[in-house]
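The values are calculated or read from the model by the stated rules, or taken from the named source; none is laboratory data. Owing to the predicted nature of the structure, the values given are computational and were not obtained by experimental measurement. Counting neighbours? That spans all protein chains shown, and the Cβs are built from the backbone with ideal geometry, glycine included. Only protein heavy atoms, including side chains, enter the accessible area calculation; ligands, DNA and RNA are left aside. Shrake-Rupley method; radii C 1.70, N 1.55, O 1.52, S 1.80 Å.
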Amino acid sequence: MQWHSMQTDEVLTLHKTNRAHGLSAETARQRLRQSGGNRLESQEKKPWILRFFAQFKDFMVVALLIAAAISAVSAFVHGSGDYLDSVIITAIVVVNAFVGVIQEGKAERALAALEKMAAPTAQVIRSGKRLRVPAEDVVPGDILVVETGDMIPADARLLESTQLSTQESALTGESMPSTKDAFAQISEQSPPADRKNMVFSGTVVLTGHGVAVVTETGMQTQVGKIAGLLKAEDSPQTPLQIRLEKVGKQLGLAAMAISGLIFLLGFLQHIPLLESFMLAVSLAVAAIPEGLPAMVTVVLSLGVQRMAKQNAIVRRLPAVETLGCASVICSDKTGTLTQNKMTVTQLADARGAMTMHAKEGLDILRLAALCCNAQVQNSGRRQTIIGEPTETAIVDAAIKRRVAVMEDRTAFPRLSENPFDSARKRMSVVCRFDTKDPCAGFNGLTMLCKGAVDVLLPRCSHVSIKGNILPITQAHKGKILAQNDAMANQALRVIALAAKPVSASERSNVGEDALCFMGLIGMNDPPRKEAKAAVGVCRRAGIIPIMITGDHIVTANAIARELGILDAADGARHSMTGLDVDKRNDADLENALRDVRVFARVTPEHKMRIVKALRGMGHVVAMTGDGVNDAPALKAADIGCAMGRSGTEVAKGAADMILTDDNFATIVRAVEQGRGIYENIKKAVRFLISSNIGEIVAVFAASLMRIPSPLLPIQLLWVNVVTDSAPAIALGTEAVDRSIMHQPPKSVNQNFFNGALGFHMLVEGLLMGAVTLLAFVLGRRALGGGDDIALGRTMAFSVLSFVEIAHANNMRSSRSLFAIGPFSNARMNFANLLCIVLQASVVTIAPLCAIFGTVSMTFRQWIAVLGLSILPTVVMEIEKIGGALSRRGKRRRRL
């Protein structure tokens with residue numbers, strides 16, 4: 001129902017209630033049973049065990065479990081009792097499942113925070129008596145009494161209002177307090193921010209008092225609808241999850257296909273079934289990089305630690321990399337791009353603009369501060385101004401220009417006040433100025449009046465120019481109105497100030513007329529200092545910044561132009577209101593989004609549609625915000641970024657990342673880190689998969705050559721889990737390239753193997769597989785004492801481990817190792833040393849040799865192992881140097 005567009009009598013009639021007596025106790029009980037209570041529905045939690053088993057849906061995990069099962073069955077049939085392979089594989093899968101379960105639960109926390117917003121009690125009129133009841137017991141039709149400081153328990157249509165204003169910024173995105181008027185005429189299409197005759201659940205009464213009839217409770221309220229959106233919306237998969245899922249599926253299918261092929265070849269070659277099984281298991285283990293999930297988790301965790309030091313707390317690990325793929329950043333205005341603090345930015349009089357440090361400017365601020373009720377509190381060296389935002393801005397501006405506001409209030413006492421009223425749009429006070437020390441040219445009893453320009457100017461008969469009081473002319477009024485229009489076009493809120501001397505006989509009943517116009521005060525919620533530079537970085541990086549706000553479109557456009565989100569020449573097609581969004585279907589909205597950079601006067605539903613439309617266009621969307629109204633869009637976006645200081649608990653609960661300094665620039669630094677992390681993960685994936693290709697080549701080629709497998713399953717597992725993982729993690733800590741924010745964002749559909757990367761991985765794998773197989777042949781025949789399979793496998797095992805350690809160093813950069821410094825990554829140095837020691841241990845320590853099927857090697861055999869291990873790296877370094885020389889030659893030819 002459109003309660004805001006109805007007359008109060010109609011609303012009362014539809015709810016079968018009475019303004020004076022309210023509902024009866026019995027009627028309230030009946031309605032409570034029907035409505036189910038004024039509370040938000042809790043989301044049904046999925047049992048822990050179901051969450052745990054849901055982690056096993058990944059294709060690569062399924063392939064690993066199949067390999068573990070085959071290994072266990074083979075050990076049982078063979079009667080060897082060697083279940084170590086299957087136990088290790090299963091343990092890896094289970095640990096990764098636990099990590100996945102721990103990272104879930106974002107929507108539950110967001111809903112819990114929404115429930116905390118409910119007011120604990122409420123004042124209602126029932127059976128003609130004013131009662132305080134639990135907020136959960138409030139029902140539609142209750143007559144609600146609200147006063148300053150109250151949290152509104154339900155959505156309600158105002159019946160009476162006296163100087164009533166509420167703080168709705170967290171719900172609507174409107175930065176200024178919302179002034180309420182029970183008798184305001186509101187159209188049906190008006191968004192919540194414009195419904196001045198309504199109060200909403202979860203908002204707070206700042207000033208005044210009122211009486212209202214409850215229209216909606218629980219999940220039907222505006223905040224309840226947001227809770228419903230949160231429940232209905234699933235967090236999208238991150239680009240990293242999508243890419244790794246593709247990689248996992250490809251590797252899993254490859255492992256199963258190759259294992260099946262090997263088993264078939266063994267069958268055709270009349271190899272015993274058990275031996276064929278073991279060979280197939282070896283290839284399955286070789287094909288799947290068991291260390292990949294752990295590597296990704298650790299690299300992302302290290303990224304989280306780095307970002308936390310830069311004021312960005314990441315709540316979901318994959319979100320780190322998602323930032324690096326962001327192609328659009330949708331940002332709320334209030335508190336995100338702006339300071340969420342009204343600030344005086346301009347002063348003017350009948351002559352035009354003036355500086356705040358000029359004598360006339362200081363006089364205006366001094367008089368205006370005396371006509372404010374904002375209070376100044378001192379806590380040590382810190383000064384806090386408490387009050388209505390417009391008044392705190394005036395007092396703050398005066399104090400910053402060294403006006404002694406509190407001393408003036410003592411020296412020039414206030415004798416009477418005619419408070420601000422939304423109908424009158426002005427406020428006035430009478431002060432006693434010192435006759436010996438005039439204030440801004442006034443002495444004795446003086447009325448000060450501030451308010452809307454269109455209300456105050458017609459009441460002025462004089463004007464102050466350079467301290468001289470002159471009769472006001474039409475020319476003066478024309479200049480004042482022109483100045484007012486110029487300030488309004490800059491999205492400034494303009495307050496006029498006037499004064500007049502008062503006689504002792506009329507001080508208790510002073511008319512607000514025959515005033516002397518003093519000047520104009522322009523204020524706004526200014527942009528953050530760092531935001532403009534951050535927007536510039538976004539645009540250079542190919543990221544589209546879009547402002548989505550509940551504020552007025554004029555204000556939004558002015559701030560957007562100041563920040564660079566809109567260019568000065570951008571016209572109406574580059575901004576849109578929530579009503580414009582409602583008029584478009586999804587296809588039209590996507591078409592408009594090619595140009596629109598500012599959305600104003602939007603609701604949570606609008607924000608959701610905009611985010612989903614952008615994602616439907618193929619964009620990776622980051623959404624920043626701090627209010628309850630931002631929460632559904634934060635969750636629907638690829639990555640939601642909530643403000644840590646000013647952000648509501650609801651927004652934080654729905655977000656993937658929290659900016660602890662509430663600074664838009666922090667998200668840009670986070671994007672840079674995300675891009676660096678993506679590149680590092682890409683290097684690590686290339687390293688792991690090319691290494692696994694080398695393992696497959698060695699085992700598969702041996703099968704085709706009808707020679708024994710050069711590697712045992714446990715040796716392959718050791719290489720994949722131990723000696724591969726540490727270098728892969730170290731690759732994830734490489735420094736971010738300085739030019740990374742001058743490159744366009746990566747497409748979400750881009751595969752890890754795009755371009756020539758797949759070819760490079762194949763060549764690298766072939767090289768590593770070839771030297772591994774060569775080591776097996778040399779160890780078995782040339783360097784041993786005959787047909788020594790154990791020595792051949794020991795040499796192949798060692799070469800494979802060492803060649804992959806060297807390969808990890810080669811993957812650090814597309815430039816030569818000597819160009820970036822072979823020892824410039826301390827973590828890689830440590831990983832190299834650790835893996836060399838561990839690998840040496842399993843081929844030299846007798847108990848470990850027994851487990852891994854290795855034997856000790858002679859000095860000559862060790863020299864052969866080391867020589868073969870560095871051979872692929874030498875080849876790749878030559879290729880890098882050749883590529884660098886070729887690129888340099890092309891640049892010279894272009895010059």
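Data for the structure
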read-out: Of all residues making up the range 787-820, the number that are small (G, A, S), open to solvent by less than 30 Å² (accessible area, probe 1.4 Å) and either in a loop (DSSP other than H, G, I, E, B) or closer than 15 Å to E734 by Cα (or both); value: 3
read-out: Complete set of residues in the range 714-726 that are in contact with a Leu (Cβ under 9 Å, 6 or more places away or on another chain) and either of a type outside the set (F, W, Y) or not in a helix (DSSP H, G or I) (or both); value: I714, Q715, L716, L717, V719, N720, V722, T723, D724, S725, A726
read-out: Close pairs from the range 460-472: first free of Cβ contacts under 8 Å to residues at least 40 places away in the same chain, partner buried (at least 20 other Cβ atoms within 10 Å of the Cβ), Cβ under 7 Å, at least 6 apart; value: L470/V463
read-out: Subset of the range 416-440 [at pLDDT below 80 and outside any loop (DSSP other than H, G, I, E, B)]; value: D421, C439
read-out: Residues being in contact with a helix residue (DSSP H, G or I) (Cβ under 8 Å, 6 or more places away or on another chain) and either without any contact (Cβ under 8 Å) to a residue 24 or more places away in the chain or surrounded by fewer than 17 Cβ atoms within 10 Å (Cβ to Cβ) (or both) - total across the range 762-776; value: 2
read-out: Test: residue in the range 443-452 that is within 30 Å of A560 (Cα to Cα), touching a strand residue (DSSP E or B) at 6+ places or on another chain (Cβ under 7 Å) and crowded, with 20+ Cβ neighbours inside 10 Å; value: yes
read-out: Residue in the range 393-400 that is acidic (D, E) and part of a strand (DSSP E or B) present; value: no
read-out: Residue identified as assigned to a strand (DSSP E or B) and either open to solvent by less than 30 Å² (accessible area, probe 1.4 Å) or in contact (Cβ under 8 Å) with a residue 60 or more places away in the chain (or both) among A369, A353; value: A353
read-out: Test result for R675, of a type in the set (D, E, K, R), touching a helix residue (DSSP H, G or I) at 6+ places or on another chain (Cβ under 7 Å), open to solvent by 40 Å² or more (accessible area, probe 1.4 Å) and in a helix (DSSP H, G or I); value: no
read-out: Residue within the range 308-318 that is at pLDDT 75 or above and small (G, A, S) present; value: yes
read-out: Hits in the range 468-483 - residues which are open to solvent by 60 Å² or more (accessible area, probe 1.4 Å) and closer than 13 Å to A348 by Cα; value: K479, L481
read-out: L614 being modelled with pLDDT of 90 or more and in contact with a Lys or Arg (Cβ under 8 Å, 6 or more places away or on another chain); value: no
read-out: Unmet criterion (only one of (1) within 21 Å of the chain's Cα centre (by Cα); (2) crowded, with 19+ Cβ neighbours inside 10 Å) for E605; value: (2)
read-out: Number of the exception - S691 against (1) in contact with a helix residue (DSSP H, G or I) (Cβ under 7 Å, 6 or more places away or on another chain); (2) under 18 Å from I548 (Cβ atoms); value: (2)
read-out: Residue that is nearest to I469 (Cα to Cα), among those in the range 504-551 that are open to solvent by 50 Å² or more (accessible area, probe 1.4 Å) and of a type in the set (S, T, Y); value: S505
read-out: Which listed residue is within 39 Å of the chain's Cα centre (by Cα), within 23 Å of A486 (Cα to Cα) and either not hydrophobic (A, V, I, L, M, F, W, C) or not in a helix (DSSP H, G or I) (or both), from T297, T345, T336; value: T345
read-out: The range 372-399 - residue that is under 33 Å from the mean Cα position of the chain (by Cα) and hydroxyl-bearing (S, T, Y) and, of those, most open to solvent (accessible area, probe 1.4 Å); value: T384
read-out: The range 678-688 - residue that is out of contact with any Cys (no Cβ under 8 Å at 6 or more places or on another chain) and open to solvent by less than 10 Å² (accessible area, probe 1.4 Å) and, of those, nearest to D737 (Cα to Cα); value: N680
read-out: Those residues of the range 356-366 which are open to solvent by 10 Å² or more (accessible area, probe 1.4 Å) and either of a type in the set (G, A, S) or outside any helix (DSSP H, G or I) (or both), in sequence order; value: M356, H357, A358
read-out: Complete set of residues in the range 845-877 that are β-branched (V, I, T) and either under 24 Å from N809 (Cα atoms) or surrounded by 13 or more Cβ atoms within 10 Å (Cβ to Cβ) (or both); value: I845, I851, T854, V855, I863, V865, I870, T873, V874, V875
read-out: Test: residue in the range 549-560 that is among the small types (G, A, S), under 28 Å from A348 (Cα atoms) and either in contact with a strand residue (DSSP E or B) (Cβ under 7 Å, 6 or more places away or on another chain) or free of Cβ contacts under 8 Å to residues at least 24 places away in the same chain (or both); value: yes
read-out: Number of positions in the range 194-218 that are touching a strand residue (DSSP E or B) at 6+ places or on another chain (Cβ under 9 Å), open to solvent by less than 10 Å² (accessible area, probe 1.4 Å), modelled with pLDDT under 90 and of a type outside the set (S, T, Y); value: 1
read-out: Long-range neighbours under 6 Å by Cβ, at least six apart or interchain, first residue within 21 Å of P713 (Cα to Cα) and in contact (Cβ under 8 Å) with a residue 12 or more places away in the chain within the range 854-866, second of a type outside the set (A, V, I, L, M) and open to solvent by less than 20 Å² (accessible area, probe 1.4 Å); value: T854/T794; V855/T794; V865/S798
